[in-house]
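To start, the structure under review is shown below, and the notes come after it.
No value in this document is a laboratory result; all are computed from the given coordinates. Please read these numbers as outputs of a predicted model, since none were measured by experiment. No Cβ is skipped: glycine too gets one built from the backbone with ideal geometry, and neighbour counts run over all protein chains shown.
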Amino acid sequence: MSIRRLPPELINRIAAGEVVERPASALKELIENALDAEATQVSVRLYAGGLELVEVTDDGCGMTPDEMRLALERHATSKLPDDAIDQVTSFGFRGEALPSIASVSRLTLESRVRGADGWKIDIDHGQPAGEGPAALPPGTRVRIEGLFDKVPARRKFLRSPRAEYAACLDAVKRLAMASSGVAFTLDHDGKRILTLQPSEPPARVAALLSHELERHGVGIDCTRDGLRLTGVISLPTFNRGVADQQYLFVNSRPVKDRLLVGALRAAYRDLIARDRHPIAALFLEVPSGELDVNVHPAKTEVRFRDAAAVRGLIIGGLRHALDEESGRSAAREQAAAPVMWTSSATYDARLVRQPGEEAPAIVAEARALFDHAPAARAEPAVEPVPSHPLGVARGQVAATYIVAEAEDGLVIVDQHAAHERLVLERMRAAREGGTTARQALLLPEVIELEEPECDRLESAAGELGEMGLEIERFGASAMLVRAVPAALGKTDVAGLLADLAAEIAELGGALSLRDKLDHVAATIACHGSVRAGRVLSVAEMNALLREMEVTPRSGQCNHGRPTWVKLGHGEIEKLFGRK
Ligand SMILES: Nc1ncnc2c1ncn2[C@@H]1O[C@H](COP(=O)(O)OP(=O)(O)OP(=O)(O)O)[C@@H](O)[C@H]1O
Ligand SMILES: [Mg+2]
């Protein structure tokens, strides 16, 4: 095995593998160079998402022909004059970007310093391909053509022009947000896509993020232990399915750092569903000695000396801002948003389960009370609406919600929650009236259970009997069921008994008989009710609505959640801008 020094072209190609992954990463390097050269105007032109052409022109300090030749050599940089890599404030410092890109493309570098003539150097895949005078205003222009044309291993990882363009646009946006004082233009396939005038950071961010953020955003400005965090984040209700609008900056450097992304996520924990993502543009300022930017070849990650302090500032700062906003935003939302849902919810503490809310495991699917086959899923709104408060069923959504048309608006009912409540109220009314109707089973059912479960059920047999559930001990580990509450209809008796046994164990001797009965009734009701996911006929839906109208407390389910909501005609009109 003989060890040899690699030739410079190969070294550059290896470096290119790290720095330049796709047109957007080459574009990022060129814009960073322009910004480091103190440009006030950066113009970007792309063709085919950068696959054909990436060109960046700036009005920065420019380079002399000698500087240009040096710039194309590896490890040549003007950005570390006193070798102080721990104090670096420029985007670049590795002196690698230009030679790396030049080794995997056709690169043209044109530059002119003020008061001198312009010069141009062509490089073809790392080889000099001519140089000479060039006519251009003071500044620098870099053209990259045919990126990876001669590097098939890379080429095949490139995506469609469309996808590459999206990545380029993202790169431009990030750097434009980081440098709000610089003017930018972006042209793609000959069309002007972006024009950004120099502005203050908030205005620049606003210009590049969703306009909706004006209404749904929360401003951030907090300081702790020499760290400062500013920017804007979205209210939890204004979120996205992908995390594509999260712009994070450390000392004006765009980063995709895992620590920061994780802290942003943590700030929204339990405010936002797991698969949804907030929008954010956050600027973190850290004393430069607290930060190491030299940890990633493309410099998109950084390392903090005190990572916990950074995490704490982000989570604490965002959480505080969101909490403060939660009171105000509700009021503001109502004023701004045309929608106001009328909800039926009122809290009935007596009926709400105790902490650890979960209902005892419902083992088997209850068979429904309504036994006819589904007849139809929707009814066209042709006949006049009779004056029922909860309206006439027009259809079912997601086999879970009934949509009804009332005289004064649109009603949506959670079928399971509503029906559970109805069964419970029926049972309670029957019990209070002393008229508990029971339905004897033609053949008593034998239900096998664990012995302790049987013991518990046996000890409660009297109370259960009062509610129409007649059971007897049947050997060591079985119960015999003779009758079930009539309110239940057909039900899965085995599942019901298992749940009741668990329920009784959970309640122990802590509650009064009445409360215990209510709990037991709730469990029974849950078993007897129409499940979410069951397709209902129009007749079934209407029957449910009519019964809700005459049943007390039917506006909330047994767990205190609303069973229906109404959107009034006025609200609907506002939604469509008719009012
Ligand atoms: N647009 C530009 N205007 C003026 N000088 C430039 C420009 N682009 C590059 N240079 C000069 O060329 C040098 C090399 O650029 P290159 O991008 O290869 O390395 P760098 O920016 O120093 O470090 P890095 O590899 O981290 O980007 C820079 O240090 C700078 O002096
Ligand atoms: Mg650079």
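What shape does region 213-292 have by the C-alpha gyration tensor, where a ≥ b ≥ c are the square roots of the eigenvalues, rounded means a/c under 1.5, and otherwise prolate means a/b greater than b/c and oblate the rest? Could the numbers behind the result be given before it?
Details: a/c = 2.05, a/b = 1.69, b/c = 1.21.
Cα axes put region 213-292 in the prolate bin.
Give the peptides 187-197, 86-96 in descending order of average Cβ contacts within 10 Å, highest first. Spell out each step's value before the answer.
Numbers: 187-197: 13.5, 86-96: 17.1.
Averaged packing, sorted descending, gives the order 86-96, 187-197.
Sequence gap at least 6, Cα distance under 8 Å: using those rules, report the relative contact order of region 105-148 to the nearest whole percent.
Values: 96 pairs, mean separation 20.9, N = 44.
Relative contact order for region 105-148 comes out at 47 percent.
Distance between Cα centroids, region 73-148 to region 238-277: provide it in whole Å.
Using only Cα atoms, the two centres lie 34 Å from each other.
Where does each of 563-572, 287-296, 417-426 land if you order them by average Cβ count within 10 Å, highest first?
Details: 563-572: 18.4, 287-296: 14.9, 417-426: 25.1.
Highest mean packing first, the order is 417-426, 563-572, 287-296.
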